Amino acid sequence: MSEKKLSVIWNVTGKCPWTCKFCCMDSGPNNCLPEMTLEEKFLIADQLGAYGCRVDLSGGEVMLNRKEHFPLIERLSANLGRDNLGISCSGAFIDEKLASHLAPLVSDVEMTMDAHPGRNFPWRPAGYHQTAAKAARALLAAGVETGLQTVTTTEHKTKGLLEELYAWICATGIDNWSILKFFPSGRGVSYPELELSDEDCREIVARIRALDAGNPSARKPKIDIHYLMPGSEKADACRCVKRSIGILPDGRVTSCFWGLDREGRFLDDKFYLGNLLEKNIGEILSGPKAHYWLGYCGGCAIGDDAAA
Ligand code: SF4
Ligand code: SF4
(Lines give C-alpha, C1' and ligand atoms only; values in the text may rest on other atoms or scores of the structure.)
(Ligands and ions follow the chains in the order given, each with its own letter.)
Protein backbone atom coordinates (compact mmCIF):
# COMPACT_ATOMS: atom_id res chain seq x y z
CA MET A 1 0.00 0.00 0.00
CA SER A 2 1.44 3.40 -0.94
CA GLU A 3 2.18 5.85 1.87
CA LYS A 4 -0.20 8.83 2.11
CA LYS A 5 1.29 12.05 0.72
CA LEU A 6 2.09 14.95 3.02
CA SER A 7 -0.83 17.37 3.10
CA VAL A 8 0.23 20.99 2.58
CA ILE A 9 -2.26 23.74 3.35
CA TRP A 10 -1.06 26.84 1.57
CA ASN A 11 -2.69 30.09 2.65
CA VAL A 12 -1.70 32.17 -0.35
CA THR A 13 -3.20 35.40 0.91
CA GLY A 14 -4.67 36.99 4.03
CA LYS A 15 -7.02 39.15 1.95
CA CYS A 16 -10.69 38.22 1.76
CA PRO A 17 -13.83 40.07 0.63
CA TRP A 18 -15.64 38.78 3.74
CA THR A 19 -15.31 39.78 7.38
CA CYS A 20 -16.57 36.73 9.27
CA LYS A 21 -16.76 37.60 12.96
CA PHE A 22 -14.77 34.60 14.14
CA CYS A 23 -12.31 34.15 11.26
CA CYS A 24 -9.45 32.07 12.64
CA MET A 25 -6.98 33.71 10.19
CA ASP A 26 -8.10 37.29 10.96
CA SER A 27 -8.61 37.72 7.20
CA GLY A 28 -10.55 40.51 5.50
CA PRO A 29 -10.27 43.26 2.87
CA ASN A 30 -7.78 45.19 5.01
CA ASN A 31 -5.57 42.32 6.08
CA CYS A 32 -1.98 43.43 5.65
CA LEU A 33 -0.02 40.21 6.17
CA PRO A 34 2.96 40.35 3.81
CA GLU A 35 2.41 38.21 0.72
CA MET A 36 4.86 36.68 -1.75
CA THR A 37 5.04 38.00 -5.30
CA LEU A 38 3.64 35.85 -8.10
CA GLU A 39 7.18 34.90 -9.16
CA GLU A 40 7.91 33.72 -5.62
CA LYS A 41 4.64 31.76 -5.53
CA PHE A 42 5.60 30.05 -8.81
CA LEU A 43 8.98 29.16 -7.29
CA ILE A 44 7.24 27.54 -4.31
CA ALA A 45 4.80 25.76 -6.66
CA ASP A 46 7.78 24.23 -8.48
CA GLN A 47 9.43 23.19 -5.20
CA LEU A 48 6.22 21.53 -4.02
CA GLY A 49 5.88 19.75 -7.35
CA ALA A 50 9.42 18.41 -7.15
CA TYR A 51 8.90 17.28 -3.53
CA GLY A 52 5.58 15.52 -4.22
CA CYS A 53 2.69 16.26 -1.86
CA ARG A 54 -1.01 17.09 -1.78
CA VAL A 55 -1.71 20.85 -1.71
CA ASP A 56 -4.85 22.63 -0.59
CA LEU A 57 -4.86 26.27 -1.64
CA SER A 58 -6.58 28.41 0.92
CA GLY A 59 -6.54 31.94 2.38
CA GLY A 60 -8.04 34.49 2.88
CA GLU A 61 -9.90 34.09 -0.37
CA VAL A 62 -7.89 32.49 -3.19
CA MET A 63 -10.29 33.72 -5.87
CA LEU A 64 -10.07 37.39 -4.87
CA ASN A 65 -6.89 37.79 -6.93
CA ARG A 66 -7.80 35.49 -9.82
CA LYS A 67 -5.34 37.24 -12.12
CA GLU A 68 -2.45 35.77 -10.11
CA HIS A 69 -4.02 32.77 -8.47
CA PHE A 70 -5.53 31.16 -11.55
CA PRO A 71 -2.10 30.83 -13.22
CA LEU A 72 -0.82 29.54 -9.87
CA ILE A 73 -3.55 26.87 -9.84
CA GLU A 74 -2.58 25.89 -13.39
CA ARG A 75 1.09 25.64 -12.42
CA LEU A 76 0.39 23.58 -9.29
CA SER A 77 -1.94 21.27 -11.18
CA ALA A 78 0.69 20.68 -13.87
CA ASN A 79 3.37 20.06 -11.20
CA LEU A 80 1.42 17.92 -8.74
CA GLY A 81 -1.25 16.35 -10.92
CA ARG A 82 -4.95 17.24 -10.70
CA ASP A 83 -5.64 14.61 -8.02
CA ASN A 84 -3.19 16.28 -5.63
CA LEU A 85 -4.63 19.78 -5.72
CA GLY A 86 -7.68 21.03 -3.85
CA ILE A 87 -9.08 24.49 -3.14
CA SER A 88 -10.69 25.75 0.05
CA CYS A 89 -12.57 28.98 -0.48
CA SER A 90 -15.81 30.82 0.24
CA GLY A 91 -17.31 30.36 -3.23
CA ALA A 92 -17.04 34.07 -4.04
CA PHE A 93 -16.49 34.76 -7.77
CA ILE A 94 -17.19 31.13 -8.76
CA ASP A 95 -19.75 31.10 -11.55
CA GLU A 96 -20.39 28.51 -14.28
CA LYS A 97 -17.49 29.79 -16.39
CA LEU A 98 -14.91 29.74 -13.60
CA ALA A 99 -16.18 26.34 -12.40
CA SER A 100 -15.68 24.84 -15.86
CA HIS A 101 -12.13 26.26 -15.96
CA LEU A 102 -11.37 24.74 -12.56
CA ALA A 103 -12.80 21.29 -13.40
CA PRO A 104 -9.76 19.92 -15.30
CA LEU A 105 -7.29 21.42 -12.80
CA VAL A 106 -8.40 20.47 -9.28
CA SER A 107 -9.57 17.31 -7.56
CA ASP A 108 -12.10 19.10 -5.34
CA VAL A 109 -13.31 22.42 -4.00
CA GLU A 110 -14.46 22.89 -0.42
CA MET A 111 -16.46 25.85 0.90
CA THR A 112 -17.95 26.70 4.26
CA MET A 113 -21.62 26.54 5.11
CA ASP A 114 -22.62 26.69 8.77
CA ALA A 115 -26.39 26.83 8.25
CA HIS A 116 -29.04 26.43 5.55
CA PRO A 117 -28.50 29.27 3.03
CA GLY A 118 -32.04 30.50 3.63
CA ARG A 119 -31.54 30.84 7.40
CA ASN A 120 -30.48 34.09 9.02
CA PHE A 121 -27.15 33.13 10.61
CA PRO A 122 -25.62 36.08 12.49
CA TRP A 123 -22.08 34.68 12.68
CA ARG A 124 -21.41 35.00 8.95
CA PRO A 125 -21.79 38.13 6.78
CA ALA A 126 -25.05 38.66 4.85
CA GLY A 127 -24.96 36.74 1.58
CA TYR A 128 -22.11 34.43 2.64
CA HIS A 129 -24.02 31.15 2.63
CA GLN A 130 -26.02 32.10 -0.49
CA THR A 131 -22.70 32.73 -2.29
CA ALA A 132 -21.40 29.29 -1.30
CA ALA A 133 -24.72 27.73 -2.40
CA LYS A 134 -24.53 29.36 -5.85
CA ALA A 135 -20.88 28.34 -6.30
CA ALA A 136 -21.62 24.77 -5.15
CA ARG A 137 -24.31 24.40 -7.83
CA ALA A 138 -21.96 25.76 -10.52
CA LEU A 139 -19.13 23.43 -9.44
CA LEU A 140 -21.39 20.37 -9.34
CA ALA A 141 -22.74 21.21 -12.79
CA ALA A 142 -19.13 21.42 -14.05
CA GLY A 143 -18.36 17.97 -12.59
CA VAL A 144 -16.10 19.18 -9.76
CA GLU A 145 -16.14 17.15 -6.52
CA THR A 146 -17.72 19.63 -4.13
CA GLY A 147 -17.53 19.70 -0.36
CA LEU A 148 -18.93 21.88 2.37
CA GLN A 149 -17.49 22.28 5.83
CA THR A 150 -19.44 23.33 8.87
CA VAL A 151 -17.69 24.97 11.80
CA THR A 152 -19.81 23.86 14.71
CA THR A 153 -20.42 26.26 17.58
CA THR A 154 -22.90 26.52 20.45
CA GLU A 155 -25.29 27.97 17.81
CA HIS A 156 -25.53 24.43 16.38
CA LYS A 157 -27.23 23.19 19.53
CA THR A 158 -30.32 24.95 18.12
CA LYS A 159 -32.90 22.30 17.29
CA GLY A 160 -33.33 21.74 13.56
CA LEU A 161 -30.34 23.83 12.40
CA LEU A 162 -28.10 20.93 11.42
CA GLU A 163 -31.05 18.90 10.20
CA GLU A 164 -32.25 21.55 7.69
CA LEU A 165 -28.65 22.10 6.53
CA TYR A 166 -28.23 18.33 5.94
CA ALA A 167 -31.49 18.27 3.97
CA TRP A 168 -30.19 21.11 1.74
CA ILE A 169 -26.83 19.35 1.28
CA CYS A 170 -28.58 16.13 0.20
CA ALA A 171 -31.07 17.89 -2.08
CA THR A 172 -28.25 19.80 -3.80
CA GLY A 173 -26.10 16.70 -4.31
CA ILE A 174 -23.05 17.90 -2.35
CA ASP A 175 -20.35 15.20 -2.37
CA ASN A 176 -18.66 15.70 1.02
CA TRP A 177 -19.66 17.26 4.34
CA SER A 178 -16.89 17.99 6.86
CA ILE A 179 -17.62 18.81 10.46
CA LEU A 180 -15.14 20.94 12.40
CA LYS A 181 -15.17 22.32 15.90
CA PHE A 182 -14.83 26.07 16.48
CA PHE A 183 -11.67 27.00 18.41
CA PRO A 184 -11.34 30.56 19.69
CA SER A 185 -8.37 31.71 17.59
CA GLY A 186 -7.80 34.68 15.27
CA ARG A 187 -10.82 37.02 15.60
CA GLY A 188 -12.61 34.11 17.28
CA VAL A 189 -10.76 34.86 20.55
CA SER A 190 -13.46 37.50 21.15
CA TYR A 191 -16.19 34.81 21.19
CA PRO A 192 -15.18 32.09 23.64
CA GLU A 193 -18.89 31.44 24.33
CA LEU A 194 -19.16 29.82 20.88
CA GLU A 195 -16.87 26.92 21.79
CA LEU A 196 -18.72 23.65 22.36
CA SER A 197 -18.02 21.52 25.40
CA ASP A 198 -16.81 17.94 24.76
CA GLU A 199 -20.24 16.67 25.79
CA ASP A 200 -21.98 19.04 23.34
CA CYS A 201 -19.60 17.91 20.58
CA ARG A 202 -20.47 14.28 21.20
CA GLU A 203 -24.20 15.11 21.03
CA ILE A 204 -23.72 16.98 17.76
CA VAL A 205 -21.68 14.13 16.29
CA ALA A 206 -24.44 11.69 17.35
CA ARG A 207 -27.08 13.90 15.65
CA ILE A 208 -25.03 13.96 12.44
CA ARG A 209 -24.47 10.20 12.52
CA ALA A 210 -28.23 9.70 13.01
CA LEU A 211 -28.95 11.88 9.95
CA ASP A 212 -26.53 9.81 7.89
CA ALA A 213 -27.86 6.48 9.19
CA GLY A 214 -31.45 7.58 8.54
CA ASN A 215 -30.71 8.44 4.91
CA PRO A 216 -31.12 5.31 2.73
CA SER A 217 -30.01 7.10 -0.47
CA ALA A 218 -27.06 5.61 -2.32
CA ARG A 219 -26.16 9.15 -3.42
CA LYS A 220 -25.66 10.82 -0.06
CA PRO A 221 -22.79 13.05 1.12
CA LYS A 222 -19.70 11.44 2.55
CA ILE A 223 -19.37 12.67 6.11
CA ASP A 224 -16.00 13.53 7.61
CA ILE A 225 -15.83 14.40 11.32
CA HIS A 226 -12.58 16.26 12.04
CA TYR A 227 -10.12 14.40 14.24
CA LEU A 228 -10.13 17.13 16.92
CA MET A 229 -13.91 16.95 17.35
CA PRO A 230 -14.75 14.87 20.43
CA GLY A 231 -16.92 11.99 19.19
CA SER A 232 -14.89 11.58 15.98
CA GLU A 233 -13.84 8.01 15.32
CA LYS A 234 -10.46 9.17 14.01
CA ALA A 235 -7.26 8.95 16.03
CA ASP A 236 -6.57 12.29 17.71
CA ALA A 237 -2.75 11.97 17.46
CA CYS A 238 -1.01 15.22 16.49
CA ARG A 239 -0.49 15.47 12.70
CA CYS A 240 2.21 18.17 12.73
CA VAL A 241 4.76 17.36 9.96
CA LYS A 242 3.92 13.62 10.08
CA ARG A 243 0.74 14.25 8.11
CA SER A 244 0.52 17.98 7.40
CA ILE A 245 2.21 21.38 7.33
CA GLY A 246 1.02 24.90 6.53
CA ILE A 247 2.49 27.66 4.39
CA LEU A 248 1.73 31.29 5.25
CA PRO A 249 1.30 34.05 2.63
CA ASP A 250 4.87 35.29 3.24
CA GLY A 251 6.50 31.86 2.75
CA ARG A 252 6.89 30.86 6.41
CA VAL A 253 6.20 27.19 7.04
CA THR A 254 4.34 26.13 10.16
CA SER A 255 3.82 22.69 11.64
CA CYS A 256 0.26 23.78 12.52
CA PHE A 257 -1.89 26.86 11.79
CA TRP A 258 -3.23 26.78 15.34
CA GLY A 259 0.31 27.57 16.50
CA LEU A 260 -0.03 31.23 15.52
CA ASP A 261 -1.61 34.21 17.23
CA ARG A 262 -3.99 36.75 15.67
CA GLU A 263 -1.10 38.84 14.31
CA GLY A 264 0.46 35.82 12.61
CA ARG A 265 3.19 35.36 15.27
CA PHE A 266 4.16 31.86 16.38
CA LEU A 267 2.91 30.95 19.86
CA ASP A 268 6.14 29.03 20.29
CA ASP A 269 9.24 28.78 18.07
CA LYS A 270 8.66 25.04 17.73
CA PHE A 271 5.77 25.75 15.35
CA TYR A 272 8.05 27.65 12.93
CA LEU A 273 9.85 25.29 10.56
CA GLY A 274 11.56 27.76 8.20
CA ASN A 275 10.87 30.08 5.28
CA LEU A 276 10.50 28.79 1.73
CA LEU A 277 12.11 31.95 0.37
CA GLU A 278 15.30 30.98 2.24
CA LYS A 279 15.30 27.15 2.13
CA ASN A 280 13.54 24.68 -0.10
CA ILE A 281 10.84 22.38 1.19
CA GLY A 282 13.10 19.31 1.21
CA GLU A 283 15.69 21.07 3.43
CA ILE A 284 13.00 22.35 5.77
CA LEU A 285 11.42 18.93 6.15
CA SER A 286 14.74 17.23 6.84
CA GLY A 287 15.85 19.90 9.34
CA PRO A 288 15.99 19.58 13.15
CA LYS A 289 12.72 21.43 13.73
CA ALA A 290 10.81 19.05 11.48
CA HIS A 291 12.55 16.14 13.20
CA TYR A 292 11.22 17.30 16.55
CA TRP A 293 7.67 16.83 15.22
CA LEU A 294 8.42 13.56 13.48
CA GLY A 295 9.44 12.16 16.85
CA TYR A 296 6.62 13.84 18.79
CA CYS A 297 4.17 11.34 20.23
CA GLY A 298 2.02 13.54 22.48
CA GLY A 299 -1.46 14.95 21.99
CA CYS A 300 -2.32 18.43 20.80
CA ALA A 301 0.67 20.71 21.43
CA ILE A 302 -1.25 23.98 21.44
CA GLY A 303 -0.81 25.52 24.87
CA ASP A 304 1.14 22.44 26.01
CA ASP A 305 4.32 23.66 27.66
CA ALA A 306 5.39 20.10 28.30
CA ALA A 307 5.77 19.56 24.57
CA ALA A 308 8.24 22.43 24.19
S1 SF4 B 1 -13.54 32.78 7.67
FE2 SF4 B 1 -12.90 32.49 5.53
S3 SF4 B 1 -14.38 33.68 4.34
FE4 SF4 B 1 -14.53 34.41 6.45
S5 SF4 B 1 -13.14 36.19 6.61
FE6 SF4 B 1 -11.99 34.35 7.20
S7 SF4 B 1 -10.97 33.62 5.33
FE8 SF4 B 1 -12.63 35.04 4.72
S1 SF4 C 1 -0.77 20.82 17.48
FE2 SF4 C 1 -2.90 20.24 17.88
S3 SF4 C 1 -4.10 21.28 16.27
FE4 SF4 C 1 -1.95 21.24 15.62
S5 SF4 C 1 -1.72 19.38 14.33
FE6 SF4 C 1 -1.13 18.85 16.44
S7 SF4 C 1 -3.05 18.03 17.33
FE8 SF4 C 1 -3.63 19.18 15.50
query: Taking the Cβ-Cβ separation of residue 226 and residue 103 as r and a Förster radius of 30 Å, what is the calculated FRET efficiency to the nearest 0.05?
result: 0.65
- request: Hey, can you grab everything whose amide H is under 5 Å from the amide H of residue 145? Only 5+ residues off in sequence or another chain; H modelled, so Pro and N-termini drop out.
  value: 109
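Can you give the extra length, in nm with one decimal, that the chain gains between residue 74 and residue 5 once fully stretched, where that is 0.36 nm per residue apart less the Cα-Cα distance? Write down the numbers at each step before the final one.
On the way: separation 69, 0.36 × 69 = 24.84 nm, distance 2.01 nm.
Contour length minus Cα-Cα distance gives 22.8 nm.
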- prompt: Do you know the Lys pair count in region 225-294 for C-alpha distances under 15 Å, with sequence separation 8 or more or different chains?
  reply: 4
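Note down the magnitude of the dipole of the chain about its Cα centre, charges +1 on Lys and Arg C-beta and -1 on Asp and Glu C-beta and zero elsewhere, to the nearest 20 debye. Mind dumping the intermediate values first?
Details: 35 positive and 40 negative charges, 110 e Å.
Once rounded to the nearest 20, the dipole reads 520 debye.
Counting helices only, and only those DSSP H runs with n ≥ 4, report the 222 nm mean residue ellipticity of the chain as the sum of -39,500 (n - 2.57) divided by its residues, in deg cm²/dmol to the nearest 500. Mind dumping the intermediate values first?
On the way: 8 runs with 90 residues, N = 308.
Theoretical 222 nm ellipticity from helices: -9000 deg cm²/dmol.
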Set of aspartates and glutamates near residue 67 by C-alpha distance (under 14 Å), chain-local residues within fewer than 8 positions excluded: 39
message: Under 8 Å for C-alpha pairs, at least 6 residues apart: give me the relative contact order for the chain, rounded to a whole percent.
response: 19 percent
- line: Once phi for every residue in region 100-113 is put through the Karplus expression 6.51 cos²θ - 1.76 cosθ + 1.60 (θ = phi - 60°), the whole-Hz ³J(HN,Hα) values, with Gly and Pro written as x, are 6, 6, 6, 3, x, 9, 10, 6, 6, 10, 10, 10, 10, 9
- request: Once you have the Cα-Cα distance between residue 199 and residue 172, take 0.36 nm times their residue separation minus that, and quote the gain in nm to one decimal.
  value: 6.6 nm
- request: Compute, for residue 5, the solvent-accessible surface of its heavy atoms (probe 1.4 Å) with the complete set of protein chains present, and express it in square angstrom to the nearest 10.
  value: 100 Å²
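The values are calculated or read from the model by the stated rules, or taken from the named source; none is laboratory data. Quick caveat: nothing in here was measured; it's all calculated off a predicted structure. Methodologically, a virtual Cβ is constructed for each residue, glycine included, from the backbone with ideal geometry; neighbour enumeration extends over all protein chains shown. Heavy atoms of the whole protein, side chains included, go into the accessibility calculation; ligands, DNA and RNA do not. Shrake-Rupley method; radii C 1.70, N 1.55, O 1.52, S 1.80 Å.
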